[in-house]
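Below: the structure, in structure tokens.
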Amino acid sequence: MSDNAANSSRTVARKVRGQPTSDGAGVRMTRVMGTPILDHFDPFLLLDEFRSDDPNDYIAGFPDHPHRGFETVTYMLAGRMKHGDNQGNTGLLGPGSVQWMTAGRGIVHSEFPEQEEGLMWGFQLWVNLPASDKFTAPRYQDIQADGIPEAELGDGVRAKVITGELGGVKGPVTDVATDPVYYDLDLDGGASYTVPLPGGHNVFLYVYDGSISAGPEGSARRVRRGEMALLSHGSRVEVAAEYNGAKLIVVGGRPLNEPIARYGPFVMNTAEEIHQAFADYRAGKL
Ligand code: CO
């Protein structure tokens, strides 16, 4: 992707469809990034969509596990998850809430459904930290649904702004190393919108309801539910919903351009740092 795009429309450079997987104690989900098909999209390392109204798919939850060197972002569309860590932090993530967790030098945490039936739907995103921030103190930004402002973006177009600024509305998540944007767009059938974006950020969109076309007229591509579109660089992207309307997340961040050493729940810059993370975890230092 070229960088000479200070004032141009982004196009869909690549489309990726998620793969069924399971994680934690057997939670079934769709992994869209962090797979052999799409390992990462700097600074993003993983995207899962979990969506089921069958408790057997989610009830086992995610028992204690460590993280070091990056951030995990949970955005709930439906359902409730209870969160706890080894430093005594707890929280309940309800429908529409976001948890932006900076694992930094390390935490050990768990997530369990706080419901025995009903729909559980949301996303988990992993965002890398630069080498200089990998050993920062762990930090939580827990935002309840009513703390996430909605921008009215014209006829039939709204967005929840989690981080970044859209339509004059600022998201509540701040001071993240990669200066991310995270918008949840909701378009009525036939509605369209041009999303302004930081030119040099890597940006993807993921359609979780309906279908859209993305990109400038003449080179727009169709993106359907369950598909991620990786965008070329540029200052904006045009999106238009098909007749049934569409919902999508638009997520971007400043690429780090650093080596990635990744193993399970640890993301560092070198293999030696990964070995150290395992040693520190075994020694109870996380
Ligand atoms: Co975790």
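Throughout, read-outs are computed from the coordinates displayed, never taken from laboratory work. Computed from a predicted structure; not experimentally measured. Every residue, glycine among them, receives a Cβ derived from its backbone with ideal geometry; neighbour counts consider all protein chains shown.
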- In whole Å, how far is the Cα centre of region 62-92 from that of region 9-29? 20 Å
- Efficiency by 1/(1 + (r/R0)^6): what FRET value for PHE135 and GLU242, r their Cβ-Cβ distance, R0 = 30 Å, to the nearest 0.05? 0.05
- Message: Distance between the C-alpha centers of region 165-202 and region 239-282? Whole Å please.
- Response: 19 Å
- Message: Sequence gap at least 6, Cα distance under 8 Å: using those rules, report the relative contact order of region 3-282 to the nearest whole percent.
- Response: 21 percent
- Longest exposed-loop-site-free stretch of the chain, with GluC sites (Glu not before Pro), DSSP loop and at most 12 other Cβ within 10 Å? 1-115
- In percent, how large is the relative contact order of region 187-286, given Cα pairs closer than 8 Å and 6 or more residues apart? 32 percent
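Kindly flag which residue pairs out of LYS134/LYS247; LYS82/LYS134; LYS15/LYS247 have an alpha-carbon separation exceeding 22 Å in this structure.
Values: LYS134/LYS247 33 Å; LYS82/LYS134 26 Å; LYS15/LYS247 17 Å.
Long pairs (Cα-Cα over 22 Å): LYS134/LYS247; LYS82/LYS134.
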- Item | Computed FRET value (nearest 0.05) for GLU217 with THR30, which takes r as the C-beta separation and R₀ as 45 Å | 0.90
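I'd like the FRET efficiency for ASP146 and LYS285, computed as 1/(1 + (r/R0)^6) with the beta carbon distance as r and R0 of 45 Å, rounded to 0.05.
So, using R0 = 45 Å, E works out to roughly 0.75.
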- Task: Describe numerically, in nm with one decimal, the distance between label points set 7 Å from Cα along Cα→Cβ at ALA78 and at SER235.
- Result: 4.0 nm
